[in-house]
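I have placed the structure first, in the form of structure tokens, so that the comments after it can refer back to it.
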Amino acid sequence: MFHEKYKRPTTTSGDLRTPVTFYEYQPNPGPEPGEHQKATLFDCFAQVDEVWLRDMEQAKANGTLSDITLKIRDPHGSYVPSNKHYVSVQSVYYSNAPYRIKEVQPNLQDHRYINIIAERTS
């Protein structure tokens, strides 16, 4: 008879320690170029993955300053991340710089979370 043993989840609530804010931009009114923050869409806690050397090489190849990977709890429809949105990591190490969301991936190992890949814009 097969007995399934309990497997500890790879990500727990204690790993989601860094506050992040998702928002969108809109063009500046008038003839001046640029954008400004329009509205805050969603606030939550995330796990910010370490930057690996391969990520830095990929960021250089893409022409971006840096890429980060975030893991957040699945909001189940209350917020749907899009590549038109931006994210700000509220940590002294990231200095609240805006990151543009490049890709949103469901976490296939654990359906309670989603992975977000973002690139630094400025």
Quiz item: T69 versus (1) modelled with pLDDT under 80; (2) closer than 23 Å to D15 by Cβ: which is the lone unmet condition?
Solution: (1)
Quiz prompt | The one condition in (1) at pLDDT below 90; (2) closer than 15 Å to I101 by Cα that P33 fails to fulfil | solution = (2)
Quiz prompt | Residue list for region 84-122, restricted to those being of a type in the set (V, I, T) and out of contact with any Lys or Arg (no Cβ under 9 Å at 6 or more places or on another chain) | solution = V89, V92, V104
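Output the residues belonging to region 92-122 that are more than 22 Å from T10 (Cβ to Cβ) and open to solvent by less than 60 Å² (accessible area, probe 1.4 Å).
Of everything in region 92-122, those that are more than 22 Å from T10 (Cβ to Cβ) and open to solvent by less than 60 Å² (accessible area, probe 1.4 Å) turn out to be Y94, A97, P98, Y99, I101, E119.
Residue check: is K38 assigned to a strand (DSSP E or B), modelled with pLDDT under 90 and not acidic (D, E)?
Numbers: assigned to a strand (DSSP E or B): yes; modelled with pLDDT under 90: yes; not acidic (D, E): yes.
Taking the combined requirement at face value, the residue satisfies it.
Please indicate, with yes or no, whether at least one residue in region 6-25 is in a helix (DSSP H, G or I), among the hydrophobic types (A, V, I, L, M, F, W, C) and closer than 22 Å to Q105 by Cβ.
Of the residues in region 6-25, the ones in a helix (DSSP H, G or I) are 13-15.
Filter once more, so that each one left must be among the hydrophobic types (A, V, I, L, M, F, W, C): none.
Scanning region 6-25 turns up no residue that is in a helix (DSSP H, G or I), among the hydrophobic types (A, V, I, L, M, F, W, C) and closer than 22 Å to Q105 by Cβ.
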Practice problem: Considering only region 1-42, state which residues are under 21 Å from Y79 (Cβ atoms) and open to solvent by 100 Å² or more (accessible area, probe 1.4 Å). | Solution: R17, E35, K38
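The values are calculated or read from the model by the stated rules, or taken from the named source; none is laboratory data. Predicted, not measured: the structure shown is a model, and the values here were computed from it. Backbone-built Cβ (ideal geometry, glycine too); neighbour counts: all protein chains shown. In case anyone asks, the SASA skips ligands and DNA or RNA and just uses the protein heavy atoms, side chains included. Shrake-Rupley method; radii C 1.70, N 1.55, O 1.52, S 1.80 Å.
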